[in-house]
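Structure first, then comments.
The values are calculated or read from the model by the stated rules, or taken from the named source; none is laboratory data. What you see is a predicted model, and the numbers here were worked out from it, not measured in a lab. Cβ: placed from backbone, ideal geometry, glycine included. Neighbour counts: every protein chain shown.
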Amino acid sequence: MTKETPVHAILPVPDGHGIYAFPDDLHRAHQTHNEQLATRHQAHDHQVLEVTAPHTRTPYYIETRTPVGRPVLVLEPHHDDFALSASGTFLAHPRPLSVVTVFTRSRSVHPTLESTYADVDTVSELRDREGAAALAPFAARRHLLGHKDAEPPYRPYAPETLDRITEELRRFVAAHPGAELLAPAAVTRHPDHLLVHDAAVRLGCTWFWEDLAFWSTYALAGCDQHLFRARTGATMRPEPVDITDVVLDKVTVLRMHGSQMHPARKMYRPIRHAFTTAADLVDGPGLYAERFYRTEEPTC
């Protein structure tokens, strides 16, 4: 096993210290991290897992995790939502994961690849492989509901759709007794996120991730903040989680879920958002964080 450079020594600091150079700095830091892990993998270190980005077929390396503690049942709208918004926390604090993805049929793909992935079936197959690759480091069990995602112009979801999906999710909750539920806080106004959030609340979920990591402009829009506060009132307490030590592994997860996205700097928006979120940490020297919300005290 080779001696590795500590994560803190190669992590870039985006805001206030060269924000426009941040994507290149993060790219170099991730390359260094990946090369170190590749060396360990080639030396037959079984703690290092090789994962392959589905579209580009580029190999990356990540340390395997050993899940411990109370199981978590994740209810996510789309294949990428957990990876974008909450994966750093579970890289830092691995727990047994089962992930239910509700909207697994899609036409959403990078514009330059619309001729390669030209219909719902080919896009959905790619997104499915991306979701599987992103969750591989967590040893997560995956369950796909097969619903079609919403397309612009977005409209409110139908009440009967909420009823139907709630009942479908209820079967998974019943099959995972004792698991803690985790779902999107629905900070965004995307109807798929609102629907899964509302279904999760019906099912007794009290723990939510902040689902605006990729669309970080939502965090800056006063109208969206007002809508979120009006919807949740004082019932949701924010909880930042320091993910500084695993940021570069989270970049690897992002390379899996967004393998068809380019340039690579587009994948770094969740990391930039995590840097902004870290400002809420009152203890410790954390540089990066993910934000969660609770409506009740945790039971574990």
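Evaluate the stretch 103-118: report whether one residue or more is hydroxyl-bearing (Ser, Thr, Tyr), under 13 Å from the mean Cα position of the chain (by Cα) and under 24 Å from Met261 (Cα atoms).
no
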> So how many residues does the stretch 246-300 have that are surrounded by 20 or more Cβ atoms within 10 Å (Cβ to Cβ), in a loop (DSSP other than H, G, I, E, B) and of a type in the set (Ser, Thr, Tyr)?
Replying inline: 2
> Of these, His147, His176, which one is modelled with pLDDT of 95 or more, within 23 Å of Arg127 (Cβ to Cβ) and either surrounded by 15 or more Cβ atoms within 10 Å (Cβ to Cβ) or in contact with a helix residue (DSSP H, G or I) (Cβ under 7 Å, 6 or more places away or on another chain) (or both)?
Replying inline: His147
> Among the residues of the stretch 16-34 satisfying the criterion of being exposed (fewer than 12 other Cβ atoms within 10 Å of the Cβ) and closer than 17 Å to Ala264 by Cβ, which is modelled with the lowest pLDDT?
Replying inline: Tyr20
> Quick check, is Arg155 part of a loop (DSSP other than H, G, I, E, B), without any contact (Cβ under 8 Å) to a residue 40 or more places away in the chain and of a type in the set (D, E, K, R)?
Replying inline: yes
>> I'm trying to understand the selection: among the residues of the stretch 154-192, which are more than 18 Å from the chain's Cα centre (by Cα) and of a type in the set (A, V, I, L, M, F, W, C)?
In response: Ala158, Leu162, Ile165, Leu169, Phe172, Val173, Ala174, Ala175, Ala179
> Within the stretch 110-128, is there a residue that is more than 19 Å from Lys250 (Cβ to Cβ), in contact with an Asp or Glu (Cβ under 7 Å, 6 or more places away or on another chain) and not hydroxyl-bearing (Ser, Thr, Tyr)?
Replying inline: no
>> Pairs needed: first member in the stretch 46-65, in contact (Cβ under 8 Å) with a residue 24 or more places away in the chain; second member anywhere, surrounded by 13 or more Cβ atoms within 10 Å (Cβ to Cβ) and of a type in the set (Phe, Trp, Tyr); C-beta distance under 8 Å; at least 6 residues apart or different chains.
In response: Leu49/Tyr61; Val51/Tyr60; Val51/Tyr61; Thr52/Tyr60; Ala53/Tyr60; Arg65/Phe90; Arg65/Phe138
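Would the stretch 131-139 turn up any residue that is among the hydrophobic types (A, V, I, L, M, F, W, C), crowded, with 20+ Cβ neighbours inside 10 Å and free of Cβ contacts under 8 Å to residues at least 40 places away in the same chain?
There is no residue in the stretch 131-139 that is among the hydrophobic types (A, V, I, L, M, F, W, C), crowded, with 20+ Cβ neighbours inside 10 Å and free of Cβ contacts under 8 Å to residues at least 40 places away in the same chain.
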>> I need a count of the residues in the stretch 83-130 that are in contact (Cβ under 8 Å) with a residue 60 or more places away in the chain and in contact with a helix residue (DSSP H, G or I) (Cβ under 6 Å, 6 or more places away or on another chain).
In response: 12
>> Step by step: first the residues of the stretch 186-202, then only those that are touching a residue at least 60 places away in the same chain (Cβ under 8 Å), farther than 14 Å from Phe82 by Cβ and in contact with a Phe, Trp or Tyr (Cβ under 7 Å, 6 or more places away or on another chain), then the one that is surrounded by the fewest Cβ atoms within 10 Å (Cβ to Cβ). Which residue is that?
In response: His190
